[in-house]
């Protein structure tokens with residue numbers, strides 16, 4: 001297949017692009033490489049994928065991986081419609097995997113306009129590009145945050161998602177609704193993937209696994225919100241990639257309304273207490289964290305837990321990596337020379 005992967009210098013996007021190219025797909029990878037978090041990590045991911053780049057690359061220039069012959073990269077912003085149109089009109093893509101987005105629940109409270117730029121305007125450009133170039137299937141990242149104030153666990157795709165508690169969550173729910181409209185209007189398939197708290201090697205430095213590990217190993221206190229009384233469905237990166245690629249390979253069928261649109265949870269199917277998660281990191285690091293207990297932060301929810309029955313029924317995929325195994329792999333990577341931020 002010929003596949004466009006957006007957000008390809010990001011945590012999930014780089015892993016998905018590398019997996020697809022490694023198995024022989026022709027992949028065009030794009031990313032804006034913004035400074036929401038340290039771009040050195042994004043450039044390190046690109047070098048892992050075989051791109052000969054320093055910590056900078058000009059917009060619009062295409063480069064090729066020297067380890068994965070079918071993999072190309074272009075730096076661009078999906079909110080730049082003209083730039084996206086050039087990429088999508090220059091190659092016929094069978095599938096688009098849209099993993100580009102402005103991430104971060106708390107950051108969306110401080111800088112809301114960034115989310116409209118990338119997550120709404122950029123996503124509309126993706127939908128228009130798919131419509132105008134004959135893409136048969138758009139797979140896109142949604143988020144567990146769309147469940148908002150829903151207190152029923154585990155979260156099921158049929159649960160109500162009309163009570164978001166952050167603009168980030170609202171933007172992801174908007175993506176699901178926009179995709180449904182385009183599938184109904186124009187007949188191409190759209191599949192949204194609600195990712196649950198992704199962690200693992202090469203993970204984002206603004207997420208708790210990186211923040212906790214970094215603080216523990218440098219003797220700084222960690223911030224423990226809601227005084228540690230929270231639960232999260234931590235999902236290892238390999239399970240996220242397996243689920244995403246399984247959906248890419250699927251043959252979407254119409255839903256009950258005869259629309260080629262589906263939503264799937266991809267989670268670890270195991271809600272973990274925050275203090276237990278911290279304990280696993282302490283074990284892997286070999287030292288005890290100094291803890292600063294704080295109230296719940298705006299935009300946070302008490303618990304996340306995924307039902308992945310629908311994904312398993314559609315693709316056969318089930319999460320396989322348990323938390324101790326995943327935390328060990330992350331801490332090993334963090335301490336290694338592969339991590340440019342340690």
Odd one out for residue 252 among (1) over 23 Å from residue 330 (Cβ atoms); (2) outside any helix (DSSP H, G or I); (3) in contact with a strand residue (DSSP E or B) (Cβ under 6 Å, 6 or more places away or on another chain); (4) at pLDDT 95 or above: (4)
Residue satisfying condition, being buried (at least 21 other Cβ atoms within 10 Å of the Cβ) and either free of Cβ contacts under 8 Å to residues at least 24 places away in the same chain or not in a helix (DSSP H, G or I) (or both), within set 243, 192: 192
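Suppose we filter 206, 256 for residues that are surrounded by fewer than 20 Cβ atoms within 10 Å (Cβ to Cβ) and either closer than 24 Å to residue 153 by Cβ or free of Cβ contacts under 8 Å to residues at least 24 places away in the same chain (or both); which single one remains?
Working: 206 fails: either closer than 24 Å to residue 153 by Cβ or free of Cβ contacts under 8 Å to residues at least 24 places away in the same chain (or both).
Within the list 206, 256, the selection yields 256.
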Selection from the range 309-324 of residues that are assigned to a helix (DSSP H, G or I), touching a strand residue (DSSP E or B) at 6+ places or on another chain (Cβ under 8 Å) and under 13 Å from residue 234 (Cα atoms): 323
Per-region count, the range 47-71, residues part of a loop (DSSP other than H, G, I, E, B), surrounded by 17 or more Cβ atoms within 10 Å (Cβ to Cβ) and at pLDDT 95 or above: 6
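Among the candidates 184, 172, 160, which residue alone is surrounded by fewer than 19 Cβ atoms within 10 Å (Cβ to Cβ) and touching a strand residue (DSSP E or B) at 6+ places or on another chain (Cβ under 8 Å)? Give the derivation first.
Values: 172 fails: surrounded by fewer than 19 Cβ atoms within 10 Å (Cβ to Cβ); 160 fails: touching a strand residue (DSSP E or B) at 6+ places or on another chain (Cβ under 8 Å).
The match here is 184.
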Single condition residue 139 does not satisfy, out of (1) farther than 29 Å from residue 1 by Cα; (2) touching a residue at least 60 places away in the same chain (Cβ under 8 Å); (3) not in a helix (DSSP H, G or I): (1)
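The values are calculated or read from the model by the stated rules, or taken from the named source; none is laboratory data. No experiment lies behind these values; they were computed from the predicted model shown. Positions of Cβ are generated from backbone atoms using ideal geometry, with glycine treated the same way; all protein chains shown enter the neighbour counts.
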